[in-house]
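J.: There's a structure below that I have some questions on.
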Amino acid sequence: MTRLLWTASRSLNKKQLVRLEQAGYQVDWLPVIQLEPLSQVNPLKLQQGDAFFFVSRMAGQAAFKHLPPSDTLSQHNFFSSSQQTGRYLSQNYSVDCQALTQGGTSQEAFKHFQKIKDHYQPRIERFIVPISPQSQGKYQALGQTYLSDISIQEWIVYQKQVNWKVGQSLQAAISQANQAAPLAITIASASAWQALVDLVSLPVIEQKRSAIQLWTIGPLASQAILKSSSQVKPYHEANQSNFAGLVDSLIEYKI
């Protein structure tokens, strides 16, 4: 059995967990980041032409705490970066949340929306993106690149914090890893990689690099690893930037 540390803030569903166990993984959930909705946010004055773009379930959950009832939001459009997020928000908040990619990145979602934005009437004038403080500026930059004729408003509605409670467990798991029994660790975002570094320290990760497999959810997570160290490299990057794609990757490319 290969030990796998699932470090995402959201746990695997039962089906995904069973698939990994059948593939020979011993799975431990050690979320390196805590996501918390904010109780107070800057007020949002909605107007015709507004649309929402949700990058995750948490972004939607936190945003809807501060939005009016869904039956008053029918004049607005809702989009998500993945089918999973769109399906979840549609089912739980009675809105029609359209996925812009099957399981891609926000960059891919913005790029796709660039091709279809003129199909919407009335015209979409503003994209509201619920975010955490750590993501400030990211969606403004994507907007300038792909949606220069649409206003992008980043709306801070939740926060990310390092989950210090899992620090000792992470450190113990990494210290016990060796080449004969490598440790698989999932990295579901650039923020998750930084949290892992904060919890364990980069020198320790570099020292144990031959005994650790870093499985990333997509290019942004991989780039975060490569930028932080010349010695540590991703073991494999998922083809689809979502949990399903990461699980598929873990199973397909397991040695």
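The values are calculated or read from the model by the stated rules, or taken from the named source; none is laboratory data. Here the structure is a predicted model, which is why all the values come from computation and not from measurement. Cβ atoms come from the backbone with ideal geometry, glycine included; neighbour counts cover every protein chain shown. What goes into the accessible areas is simple: the full protein's heavy atoms, side chains included, and nothing from ligands, DNA or RNA. Shrake-Rupley method; radii C 1.70, N 1.55, O 1.52, S 1.80 Å.
J.: Considering only protein heavy atoms, what is the solvent-accessible area of THR145 at a probe of 1.4 Å, reported in Å² to the nearest 10?
T.: 90
J.: Let me check I've understood the local charge: for LEU4, count other residues with C-beta under 15 angstrom from its C-beta, Lys and Arg +1, Asp and Glu -1. What total comes out?
T.: -1
J.: Given a cut-off of 28 Å, name the pairs among LYS138/LYS227; LYS117/LYS138; LYS15/LYS227; LYS65/LYS138 whose C-alpha atoms lie farther apart than that in the structure shown.
T.: Values: LYS138/LYS227 17 Å; LYS117/LYS138 20 Å; LYS15/LYS227 34 Å; LYS65/LYS138 23 Å.
Check vs 28 Å cut-off fails for LYS15/LYS227.
J.: Express in nm, to one decimal, how much length is gained between ARG3 and LEU226 on full extension, taking 0.36 nm for each residue of separation and deducting their alpha carbon distance. Provide the component values of the computation, followed by the final result.
T.: Working: separation 223, 0.36 × 223 = 80.28 nm, distance 2.35 nm.
Taking ARG3 through LEU226 to full extension adds about 77.9 nm, to one decimal.
J.: Still on this model: How far is helix 190-200 tilted off the main Cα axis of the chain, in degrees rounded to 10, range 0 to 90?
T.: Value to nearest ten degrees: 40.
J.: In degrees between 0 and 90, to the nearest 10, how far off the longest principal axis of the chain does helix 243-252 point, with axes built from Cα atoms?
T.: 30
J.: For segment 137-152 and segment 64-119, what is the separation of their Cα centres, given in Å?
T.: Distance between centres, Cα-based: 17 Å.
J.: Tell me the per residue accessible area of segment 28-85 using a 1.4 Å probe; a whole number in Å² is fine. Walk me through the numbers before you get to the answer.
T.: Numbers: 2840 Å² over 58 residues.
Per residue, segment 28-85 has 49 Å² of solvent-accessible surface.
J.: By how many degrees, between 0 and 90 and to the nearest 10, does the Cα long axis of helix 106-116 differ from the longest principal axis of the chain?
T.: 30
J.: Based on the Kirkwood radius over alpha-carbon pairs, what value in µm²/s does the Stokes-Einstein equation return for the translational diffusion coefficient of the chain at 25 °C and 0.890 mPa s?
T.: 127
J.: While we're on this one: Show me the three semi-axes of the equivalent ellipsoid for segment 109-170, from the C-alpha gyration tensor (sqrt of 5 times each eigenvalue), largest first, rounded to whole Å.
T.: Semi-axes (√(5λ), whole Å): 33, 12, 10.
J.: Can you compute the charge dipole magnitude of segment 87-138 about its Cα centre, using +1 on each Lys and Arg Cβ and -1 on each Asp and Glu Cβ, nothing else charged? Give it in debye, rounded to the nearest 20.
T.: Once rounded to the nearest 20, the dipole reads 100 debye.
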